[in-house]
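Visitor: Got a structure for you, written out below as C-alpha cells; questions coming shortly.
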Amino acid sequence: MRSIKANIIAQIELVGGRHDEAEIYGGPAGDLGLTGGPGSLSWEINGDLASVTGAGSAAILMEVLHPSVMHGVFTQSSYRTDPYARARNTLGYVPRSTFGNTEAATRVIEHVKRVHSYINGTRADGVSYRALDPALIAWVHTCIPWAIMTAFDRYRRPLSRAEKDQYLKEQALIGRMGGAEWVPETVSELEDYVERMRPLMAYNDQTRQFGDFLLGTSGDVATTRQQRFESWMGPHGSMLMMPDWARKMTGTYHSSVMERFILRPNEKLKSRLVRWAVGELPCKTMALARVSGAAPRPASSDISNSRQQYAA
C-alpha cells in the first residue's frame with residue numbers, strides 16, 4: 001500500500017510540486033491570506049488536491065482555445081522542452097494564491113504579471129495581442145476556478161448555487177489582482193460570460209499541435225502504448241466537465257456509453273485515489289497553523305519528504 005501511495009504522490013509532485021515553503025505558507029499569526037481563510041469555500045475547494053489535479057487538463061485546454069492565449073503559449077513558452085511547466089504554472093498558482101500569506105500570495109501574483117508583461121505578438125490571422133490584456137487575463141483566470149469548482153461538485157460533494165457563487169466571488173479577487181478588469185462572480189455571470197466568449201474560441205493548427213503534445217502523440221518524445229493511453233484518458237476525462245461545444249471543438253467529445261462506463265468511472269477512481277494517498281496538503285496544514293498562531297504542524301506523513309519548488 002505504501003508503495004502505491006508513494007507512486008501516486010511522486011507523480012503529483014512531478015507535475016505540481018510539493019508546496020511546503022515556509023516563506024509562502026507561514027507568516028504572521030492570524031493572516032487569512034487573500035481568499036478568506038479556513039471558513040472560505042476557496043480553502044475547502046482548492047484544498048482538495050483531487051479536484052485541482054482533475055481539473056488541470058480541462059482548465060488548460062479551455063484557456064488555449066482562445067487563439068491569442070494559444071499563440072502566446074505556442075511561441076513563447078517552454079511546453080515542448082519542459083512538458084510539465086504549463087501544468088506546474090496552473091496548478092502551482094492555485095495553492096499559492098489560496099493558502100499563501102497575504103504578502104507572499106500578492107508577490108506570486110505580481111511575479112506572474114511581470115512575466116506576462118513580456119509576452120505579446122501577432123497571430124497568424126493578423127490579430128495582435130498582449131498577455132496583460134485585461135480581457136485575456138479574465139479568460140485565463142476564469143477557466144481555473146470554473147474547472148476546479150466543477151470537479152469538486154462532481155467528484156467530492158455537490159455544491160449549492162449559493163456556495164458556487166461564494167467561491168467565484170472569493171476567487172474573483174485573484175483575477176482582478178492578476179490584471180483583469182472584470183471576472184464573473186456568480187454562476188449566472190459565469191454562464192453568460194462563457195457564452196459571450198464562445199465565438200472567440202478556435203481550434204487551429206497551433207491548438208492541434210498542442211493537443212497532440214498533451215496526448216503524447218506529437219512524436220516529440222518517445223512514449224509507450226501505456227503512456228499514450230494514460231495521456232489520452234487524462235484530458236478526455238477532465239474535459240467531461242466542460243460544455244459539449246468545447247469537447248467537440250477539442251476532439252474530446254464521446255458517446256454517452258463511453259462517458260458513463262469508461263471516462264467518468266476512471267475520473268471518480270483517480271479522484272478517490274488522490275484523496276486516499278495525499279490527505280491534507282502541506283500548504284493547507286501550514287496555512288491553518290499560521291492563522292491559528294500555533295507552531296507549524298508537520299506535514300502529512302503520507303506526503304513524501306522530497307521538496308520541489310516551482311515558479312508560479
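Visitor: What order do you get for 265-273, 91-99 when each peptide is scored by the mean count of other beta carbon atoms within 10 Å, highest first?
Guide: Values: 265-273: 16.0, 91-99: 25.6.
For the peptides 265-273, 91-99, the packing ranking is 91-99, 265-273.
Visitor: Taking only the C-alpha atoms, wrap a convex hull around the range 1-44 and report its volume per residue in Å³ as a whole number. Each step should come with its number before you reach the end.
Guide: Working: hull volume 5.4 nm³, N = 44.
In the range 1-44, the Cα convex hull volume per residue is 124 Å³.
Visitor: Tally Lys and Arg at +1 and Asp and Glu at -1 over the other residues with C-beta under 11 Å from the C-beta of Thr252: what net charge comes out?
Guide: Details: positive: Arg247, Lys248; negative: Asp244, Glu259.
Result for the neighbourhood of Thr252: 0.
Visitor: I'd like to know how the range 121-186 sits against the 2.2 N^0.38 Å rule of thumb: what's its Cα Rg over that expected value?
Guide: Computed over Cα atoms of the range 121-186, the ratio equals 1.34.
Visitor: Amide H of Glu280: which non-local residues (sequence gap of 5 or more, or other chain) have their own amide H closer than 5 Å, using H built in the peptide plane?
Guide: none
Visitor: Compute the convex hull volume of the Cα atoms of the range 170-279, divide it by the residue count, and report the result per residue in Å³ as a whole number.
Guide: Per-residue hull volume (Cα only) is 178 Å³.
Visitor: Which value, in nm² and rounded to one decimal, describes the direction-averaged projected area of the C-alpha convex hull of the range 10-142?
Guide: Taking a quarter of the hull surface, the average projection is 8.6 nm².
Visitor: Let me ask something else about it. Hey, what did the chain get for relative contact order, percent, Cα under 8 Å, at least 6 apart?
Guide: Answer for the chain is 33 percent.
Visitor: What number, in percent, do you get for the relative contact order of the range 125-270 if the mean sequence gap of Cα pairs under 8 Å and at least 6 apart is divided by its residue count?
Guide: 19 percent
Visitor: Calculate the spin-label point distance for Asp220 paired with Trp232, positioning each point 7 Å from the Cα along the beta-carbon direction, and give it in nanometres.
Guide: It works out to 2.0 nm between the two label points.
Visitor: Taking the Cβ of His116 as the centre, find all other residues whose Cβ is under 11 Å away and add up their charges (Lys, Arg: +1; Asp, Glu: -1). Mind showing how you got there, number by number?
Guide: On the way: positive: Lys113, Arg114, Arg130; negative: Glu110, Asp133.
The answer is +1.
Visitor: Moving to a separate point now. When the Kirkwood radius is taken over all Cα pairs of the chain, what Stokes-Einstein diffusion coefficient follows at 37 °C and 0.692 mPa s, in µm²/s? Intermediate values should be presented prior to the final figure.
Guide: Working: Rh = 19.8 Å.
The Stokes-Einstein estimate is 165 µm²/s.
Visitor: Let me ask another. Per-residue counts of other Cβ atoms within 10 Å, averaged by peptide: what ranking do you get for 5-11, 212-218, 41-47, highest first?
Guide: Values: 5-11: 14.7, 212-218: 17.4, 41-47: 24.0.
Most protected by this proxy first, the peptides run 41-47, 212-218, 5-11.
Visitor: Output needed for the range 66-221: three equivalent-ellipsoid semi-axes, defined as square roots of 5 times the C-alpha gyration tensor eigenvalues, in descending order, whole Å.
Guide: 26, 18, 18
Visitor: Right, next: Given the Cα-Cα distance of Arg107 and Asp192 and 0.36 nm per residue of separation, how much length would full extension add, in nm?
Guide: 27.4 nm
All of the numbers you see were taken from the coordinates with simple rules; none came from a lab. Here the structure is a predicted model, which means the values were calculated and not measured. Neighbour counts run over all protein chains shown; Cβ positions are idealised from the backbone, glycine included.
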